[in-house]
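**Q** This is the structure I have questions about; it appears just below.
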Amino acid sequence: WDDSTPLGRAINRVIRSAPTPVTKHQRAFMKAQPKSEGEEEFFFQVTKISEVIPPADREVRLIEGRDWRFDFVWFPQKIVVEIEGGVYTQGRHTRGKGFTEDIRKYRAAEDLGYRVLRFTTNMVKSGEALLVLERIFAPLI
């Protein structure tokens with residue numbers, strides 16, 4: 001990524017660095033709310049560059065009266081990130097009923113003024129998800 005921006009340097013540091021040990025707080029959070037591989041990887045990537053991208057709230061019930069949870073939410077910027085799992089294994093997000101419910105969920109967030117960003121696990125692992133966040137957060141820094 002572009003080393004001329006603070007976020008680009010932070011992203012390069014994340015991608016090139018060895019895994020960070022899990023803190024006691026992070027381990028307790030993960031036990032309380034088991035997540036997909038992609039969600040955990042994204043959480044750790046964003047945590048490593050928290051000086052550039054503010055921390056997100058996780059597993060947020062954003063829509064009143066619905067049990068929908070959003071993976072990551074930045075309230076001040078009105079950004080939602082969803083990590084889609086099972087895209088190659090006929091997972092819930094790619095089958096008819098699950099796909100339709102996801103579309104309703106995303107539309108409800110958009111109706112409240114949120115920008116919904118969707119990534120696959122592969123997009124997270126490659127760093128593509130962080131690159132998209134760089135484009136969004138860079139002007140706000």
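Rule-based calculations on the coordinates, nothing more; no lab input. Everything numeric in this text was worked out from a predicted model, so none of it was measured. When we count neighbours, we look across all protein chains shown, and the Cβ atoms used for this are built from the backbone with ideal geometry, even at glycine.
**Q** Please go through the residue pairs Lys97/Lys125; Lys78/Lys105; Lys48/Lys125 and name each one whose alpha carbons sit more than 23 Å apart in this structure.
**A** In this structure, Lys97/Lys125 lie more than 23 Å apart at Cα.
**Q** Further, regarding this structure: To the nearest 0.05, what FRET efficiency results for Arg135 and Arg69 with a Förster distance of 25 Å applied to their C-beta separation?
**A** Plugging the Cβ-Cβ distance into 1/(1 + (r/R0)^6) gives 0.45.
**Q** Could you pull out every residue, at least 5 positions away or on a different chain, whose amide H is within less than 5 Å of the one on Ile63? Hs are placed 1.01 Å off N in the peptide plane, and Pro or chain starts have none.
**A** Excluding prolines and chain starts, which carry no amide H, there are no hits.
**Q** Spelling out what I want: for every residue of region 44-50, take phi, set θ = phi - 60°, compute 6.51 cos²θ - 1.76 cosθ + 1.60 (Karplus), and round to whole Hz; glycine and proline get x.
**A** Karplus-based 3J(HN,Hα) across region 44-50 equals 5, 4, 5, 4, 5, 10, 5 Hz.
**Q** With θ set to phi - 60°, apply the Karplus curve 6.51 cos²θ - 1.76 cosθ + 1.60 along region 119-125 and write out the HN-Hα couplings as whole Hz, x wherever there is a Gly or Pro.
**A** Working through the residues one at a time gives 9, 8, 4, 4, 5, 5, 4 Hz.
**Q** Multiply the residue separation of Arg9 and Ser50 by 0.36 nm, subtract the distance between their alpha-carbon atoms, and state the gained length in nm to one decimal.
**A** Extra length from Arg9 to Ser50 when fully extended: 13.5 nm.
**Q** What distance in nm separates the simple spin-label points at Lys78 and Lys97, each placed 7 Å from Cα in the Cβ direction?
**A** It works out to 3.4 nm between the two label points.
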